[in-house]
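The values are calculated or read from the model by the stated rules, or taken from the named source; none is laboratory data. Here the structure is a predicted model, which means the values were calculated and not measured. Don't worry about glycine lacking a Cβ; one is built from the backbone with ideal geometry, like all the others, and counts go over all protein chains shown. Note: accessible area is taken over every heavy atom of the protein model, side chains too, but ligands, DNA and RNA are not part of it. Shrake-Rupley method; radii C 1.70, N 1.55, O 1.52, S 1.80 Å.
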Amino acid sequence: MTPESASVHPTSVVSPDAVLGSGVRVGAFCSIHANVTVGDGSFVDSHTVLGAQTADFYADPASYEPKPCRIGPGAVVRSHSVVYAGVEIDAAFECGHHVTVREGTRIAEGVRVGTYSDLQGNLTIGRYARIHSNVFVSQLTTLEEFVWLFPHVMLADDPHPPSDTCTHGPTIRRFAVISARAVVFPSVEVGEGALVGAMALVRDDVPPNAVVVGVPARVVGSTTDVTCDDGRLERVYPWWTHFRRGYPEGVLPEPGSDA
Amino acid sequence: MTPESASVHPTSVVSPDAVLGSGVRVGAFCSIHANVTVGDGSFVDSHTVLGAQTADFYADPASYEPKPCRIGPGAVVRSHSVVYAGVEIDAAFECGHHVTVREGTRIAEGVRVGTYSDLQGNLTIGRYARIHSNVFVSQLTTLEEFVWLFPHVMLADDPHPPSDTCTHGPTIRRFAVISARAVVFPSVEVGEGALVGAMALVRDDVPPNAVVVGVPARVVGSTTDVTCDDGRLERVYPWWTHFRRGYPEGVLPEPGSDA
Amino acid sequence: MTPESASVHPTSVVSPDAVLGSGVRVGAFCSIHANVTVGDGSFVDSHTVLGAQTADFYADPASYEPKPCRIGPGAVVRSHSVVYAGVEIDAAFECGHHVTVREGTRIAEGVRVGTYSDLQGNLTIGRYARIHSNVFVSQLTTLEEFVWLFPHVMLADDPHPPSDTCTHGPTIRRFAVISARAVVFPSVEVGEGALVGAMALVRDDVPPNAVVVGVPARVVGSTTDVTCDDGRLERVYPWWTHFRRGYPEGVLPEPGSDA
């Protein structure tokens, strides 16, 4: 079902059972399956797949019954990205190119996911979380609202690979920041407002507002200790005291308030 | 050549010289070159390229003679993947999205390769090896049967980059496990049944059944020392004593036997 | 504008305002926007996007005015790659599959970029620089001529993430080599001809011709100390004394001369 106001590039293959909202724009060479709903005002860039088949399709195509795939409103899905059946994404989602979002992923409002990031499915992402490029998020992971995962972060889920009875991803509490290339071990909890340094290997829980660095990671201080070396900022953390770009009015705590 | 039982999405471009087996399904927007054979019952997802040109094509297109690209039977090639000319893949291959398999790659039966993994070519992969997401496998690498490479593992090939006379990838012996984000140095041998920890940097050969961790990696014990912290498993390694999902009957050693 | 000598696959969508040079070949399922110029003799593989929209398009499509995207002559852009508006690339560019080149990137002659590499934009790359697979190059980075970045190198730009006033990428001086999986911190300078070891974490400036390894990286010697363990090469660095593959005649220093 495609309203008048939607625009679908003639090269794209959109199932007649897919539901496109008002003003949706679909670029060239997209494949949008029957189980898909795209909310009003969303952009679906070229070469994307929405509602991709889960593994049970390949085992028995005839009896495959795809779960719904719901995206938007106000989404931007950039080119060559793949969103599976069984994914639900709230308003104002934005993702980069070549992103993969597998089944059982539940994404709240205002989340952004960078190019090449791989959401392995069966995970939840809270409001306004931001995931940068090439992040690997394993299954059974919880990202609370306003967390930041920087490029090439890995959230692992298998304590003695390969296992399938013992896997469980980490939990990242609200406003926590995981810096580039860090690895967080299975079932680890990173506390609210904590900061994990670049390339750290986090094997133990991180207390709220702690700073951890190293391989393996150790607590080296509190986020209140972190300074801006070039002096441009008085206070670096909590980051929302100075970084507010892209967040709608009223969504972040007020500078000066408590989170 | 496409049999009646095969189904090719009308948007796909399949060379009349490509050979598709019985029951093959080709999704939308695929490019399947003349040098390609796809075995019976295979799935080729949307936006894939099979039989991609090697570098000599760009040097002199007129005289380019592509080597064969053979996949299947029973393959699942997920969307946006690229398989080069000069690749031979046996039965029951399965790969994720955005995978790249370059020329000179020889893959035995039952191998799986995860999303964004990059097989650089001129390498061999043994039966039922499993390669997870975003793994980098350099040239002149040997993976024996039943090895596991977890997400973001890197198998390197250049001892003093850039060189072209001295490059040689590692050899990973059967049943060995390389955990997430580990790097294995050129020409290193990881012994049968060994376990490399997450984010380890492996510069020296790893004895059979040894456990190595750290940067650089050191032997810290034997796989028999590894326990399941939450007590769900009595014995963690060899992994095939408890993990058997997805392997056909009779393929893995029997629990209780020797590998 | 497409000359007689150019060949565009009939499935591709090429804006009538795009300018394709003589002998350009465009593969299947490409999307080439109006702001694109492709130089003579270039190859554009299947499933690529040239001239992709920048973020301001999604904010207000009606008033979006794309900057030019200029590539070539003699380029090879492999499949599933995305080159943004606002990118300028000189002659003899070559890239792998699934590459992303964002706006504000200025690439000089003879540069190569590997599969899955992510150039975040607002950066400059000098002549004959070579970037291998899955390299992350942050914004405000400078790569001088003849640098090498090996697989999974990360050049970071944010000293206390997330910030937007304090971000600045590293500067890599000519002929320097960054080995696989290394991370270079924001604003760090890696000196001319220096060598960064695999998986090093570089927080401080690296002197010219120094070798640094470790987490965090420390100077362990000079490139003149590096030997070829299997004895095939007498002298390993400067690398151009023995590695000259793919460089046109006269471009590299003569072996025996100074750089």
Sequence ranges B:210-222, C:170-182, A:61-73, ranked by mean other-Cβ count within 10 angstrom, highest first: C:170-182, B:210-222, A:61-73
Might you report the magnitude of the Cβ-based charge dipole of the stretch C:101-190 about its Cα centre, with Lys and Arg at +1 and Asp and Glu at -1, to the nearest 20 debye? 340
Solvent exposure of the protein assembly as shown as accessible area per residue, Å², 1.4 Å probe: 36
Between beta-carbons, use under 13 Å as the cut-off and find the net charge around A:ARG130, counting Lys and Arg +1, Asp and Glu -1. -1
Taking every DSSP bridge whose two residues both lie in the protein assembly as shown, the antiparallel percent to the nearest 5 is 5
Of C:ALA28, C:ALA52, C:ALA75, which is the most mobile in a GNM of chain C whose springs link Cα atoms less than 10 angstrom apart? C:ALA28
Calculate the translational D of the stretch A:1-71 in whole µm² s⁻¹ from Stokes-Einstein, where the hydrodynamic radius comes from the Kirkwood formula applied to all Cα pairs, the temperature is 37 °C and the viscosity 0.692 mPa s. 266
Report, as a whole number in µm² per second, the diffusion coefficient that Stokes-Einstein gives for the stretch A:206-258 at 10 °C and 1.306 mPa s using the Kirkwood radius over alpha carbon pairs. 124
Which percent of the Cα-Cα distances in the protein assembly as shown go past 33 Å? 49
When all protein chains stay in place, what accessible area (Å², nearest 10, 1.4 Å probe) is found for A:ASP164? 60
Out of C:PRO151, C:PRO16, C:PRO162, a Gaussian network model of chain C with alpha-carbon springs under 10 Å gives the largest mean-square fluctuation to C:PRO162
Can you work out the base-10 log of I(q)/I(0) for the stretch C:115-259 at q = 0.17, 0.18, 0.19, 0.21 1/Å, using the Debye formula on its C-alpha atoms alone? -0.92, -1.03, -1.14, -1.35
Return the tail of the calculated pair distribution for the stretch A:1-132, meaning the percent of Cα-Cα pairs more than 20 Å apart. 36
Buried on assembly, the stretch B:16-34 (at least 30 Å² less accessible surface than by itself, 1.4 Å probe): B:ARG25, B:PHE29
For the stretch A:113-183, what are the per-bin percents of Cα-Cα distances with bins 5 Å wide, up to the bin holding the maximum? 5, 19, 28, 30, 11, 7, 1
Over all pairs of different Cα atoms in the stretch C:55-143, the reciprocal of the mean inverse distance gives a Kirkwood radius in Å of 13.0
Cα-Cα separations in the stretch A:45-90 greater than 12 Å, expressed as whole percent: 63
Viscosity 0.890 mPa s, temperature 25 °C: what is the translational diffusion coefficient of the stretch A:167-252 from Stokes-Einstein with a Kirkwood Rh over Cα pairs, rounded to a whole number of µm²/s? 182
Dipole moment magnitude, nearest 20 debye, the protein assembly as shown about Cα centre, only Lys, Arg, Asp, Glu C-beta charged: 120
Placing +1 on the Cβ of each Lys and Arg and -1 on the Cβ of each Asp and Glu in the protein assembly as shown, which of C:SER31, A:ALA194, C:PRO255 has its Cα farthest towards the positive end of the resulting dipole? A:ALA194
Provide the buried accessible surface between chains B and A in square angstrom, both chains summed, 1.4 Å probe, rounded to the nearest 100. 3100
With a 1.4 angstrom probe the carbon and sulfur portion of accessible area for chain C, in percent, totals 49
Given an 8 Å cut-off on Cα distances and at least 6 residues of separation, report the relative contact order of chain A as a percent. 8
Exposed-loop cut sites defined as GluC sites (Glu not before Pro) in DSSP loop states with at most 12 other Cβ within 10 angstrom; longest site-free run of chain C spans C:5-233
Kirkwood Rh, angstrom, chain C [1 / mean 1/r, Cα pairs]: 19.1
Using a loss threshold of 50 Å², tell me which positions in the stretch C:185-209 are less accessible in the complex than in their chain alone. Probe radius 1.4 Å, ligands and nucleic acids ignored. C:MET199
Magnitude of the charge dipole, chain B, Cβ model with Lys/Arg +1 and Asp/Glu -1, debye to 20: 500
Shielding of A:107-118 by partners, i.e. mean partner chain Cβ atoms within 10 Å per residue? 3
Taking chain A as a Gaussian network, where each spring joins two C-alpha atoms under 10 Å apart, which residue of A:VAL113, A:VAL19, A:VAL196 fluctuates the most? A:VAL19
